[in-house]
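The values are calculated or read from the model by the stated rules, or taken from the named source; none is laboratory data. The shown structure was predicted, so the numbers you read here are calculated from the model rather than taken from an experiment. Here Cβ is always computed from backbone atoms with ideal geometry, including for glycine, and neighbour counts include all displayed protein chains.
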Amino acid sequence: MIPRTVSSDLSANLAIDTKGMSELRQSARAGSPEALKTAATQFEAMFVNMMMKSMRDATPQDGLMDNQQTKMFTTMLDQQTSQDIAKKGLGLADVLVRQLSKTLPPQDGVPTDAAMTRALMEQAKLQRSIEASGGAAAVARSGSSPVAASDKPAHVRSFQDKLSGHAEEASRATGIPAKFMLGQAALETGWGRREIKGRDGSNSHNLFGIKAGPDWKGRVVETATTEYINGQPQTRVEKFRAYDSYADSFKDYARLLSSNPRYEKALAAAGSTDAAGFARGLQRAGYATDPNYATKLAGIIKRTLA
């Protein structure tokens with residue numbers, strides 16, 4: 001008989017965290033194949049939730065509508081989604097069941113405590129590796145998950161499909177790797193979900209957050225933006241450049257970096273495909289006021305666009 005704490009209705013338990021590892025071990029020792037399967041499925045839900053958190057962390061969340069309450073509901077939604085995905089199964093639960101079943105000879109059909117502990121410790125090591133190394137990239141290197149490295153979220157694939165051609169063209173003109181520019185466009189626009197628009201809703205096609213200074217003779221749009229003054233975020237209304245197309249946005253970005261001596265170090269790092277150096281070069285040159293801009297940009301390039 002399966003204890004109440006190992007209910008097969010996973011949606012009843014949204015507590016997905018590291019301390020649940022000991023509970024999974026106890027559940028799997030309950031004395032039935034059903035308990036083992038349920039514990040493994042719950043671990044798979046934890047794994048999926050961790051992956052989603054990694055992707056959330058790689059996406060900027062400092063928009064006007066972002067606050068503690070929205071983050072709380074987003075976390076709850078991610079947890080529920082993780083449970084729903086685990087119900088359908090990615091294959092990790094089956095792998096874990098097989099691993100637990102063959103690590104040591106079973107006693108009356110149930111893996112021994114030593115076997116259970118050893119197998120779950122291996123899964124815990126995988127979890128820590130993913131958290132430390134940025135989610136999907138660590139999984140791809142470890143080869144321990146059935147999730148393929150090319151399985152990117154739909155919004156990432158859509159963003160790349162739409163803009164890769166323009167990024168490649170700008171790359172030939174500047175020597176900046178296309179994925180570096182795609183990463184920066186993703187950071188500035190939230191993967192295209194927070195593009196700069198005019199008051200009438202018209203799209204500025206401004207992918208890189210380039211402002212309209214006194215020398216800009218083209219169209220402009222005014223919108224609220226977050227600027228960091230002495231390290232503190234402040235909401236201000238600023239003028240931004242507006243373009244007729246995304247291609248024009250990439251071309252203007254390429255001209256800006258190529259013609260301004262401030263970005264020489266960033267371009268040098270880009271030429272050696274050093275994503276972190278490129279990101280630091282942009283921040284030190286004053287491209288953005290966000291004190292974490294370089295870390296965010298490098299993270300997107302390395303984790304999501306690698």
Next on the checklist: If I ask for residues that are over 16 Å from the mean Cα position of the chain (by Cα), touching a residue at least 40 places away in the same chain (Cβ under 8 Å) and crowded, with 18+ Cβ neighbours inside 10 Å, which ones from the stretch 276-306 would you list?
Outcome noted: F278, L282, A288, D290
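Conditions tested, residue by residue: (1) of a type in the set (V, I, T); (2) at negative phi; (3) in contact with a Ser or Thr (Cβ under 9 Å, 6 or more places away or on another chain); (4) at pLDDT 95 or above.
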{"position": "K217", "(1), (2), (3), (4)": "no, yes, no, no"}
{"position": "I229", "(1), (2), (3), (4)": "yes, yes, yes, no"}
{"position": "D244", "(1), (2), (3), (4)": "no, yes, no, yes"}
{"position": "Y253", "(1), (2), (3), (4)": "no, yes, yes, yes"}
{"position": "S259", "(1), (2), (3), (4)": "no, yes, no, no"}
{"position": "A279", "(1), (2), (3), (4)": "no, yes, yes, yes"}
{"position": "Y293", "(1), (2), (3), (4)": "no, yes, no, yes"}
Next on the checklist: Please verify whether T226 is of a type in the set (V, I, T) and either part of a helix (DSSP H, G or I) or closer than 16 Å to L187 by Cβ (or both), treating the condition exactly as stated.
Outcome noted: yes
Item to check | Residue among L187, L257 that alone is more than 16 Å from S164 (Cβ to Cβ), surrounded by 20 or more Cβ atoms within 10 Å (Cβ to Cβ), assigned by TED's automatic domain parsing to the domain that holds G277 and more than 25 Å from the chain's Cα centre (by Cα) | outcome: L257
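Name the one entry in K217, K197 that is more than 19 Å from T273 (Cα to Cα) and in contact with a strand residue (DSSP E or B) (Cβ under 8 Å, 6 or more places away or on another chain).
Within the list K217, K197, the selection yields K197.
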Checklist entry - Would it be correct to say that F240 is outside any loop (DSSP other than H, G, I, E, B) and buried (at least 17 other Cβ atoms within 10 Å of the Cβ)? => result yes
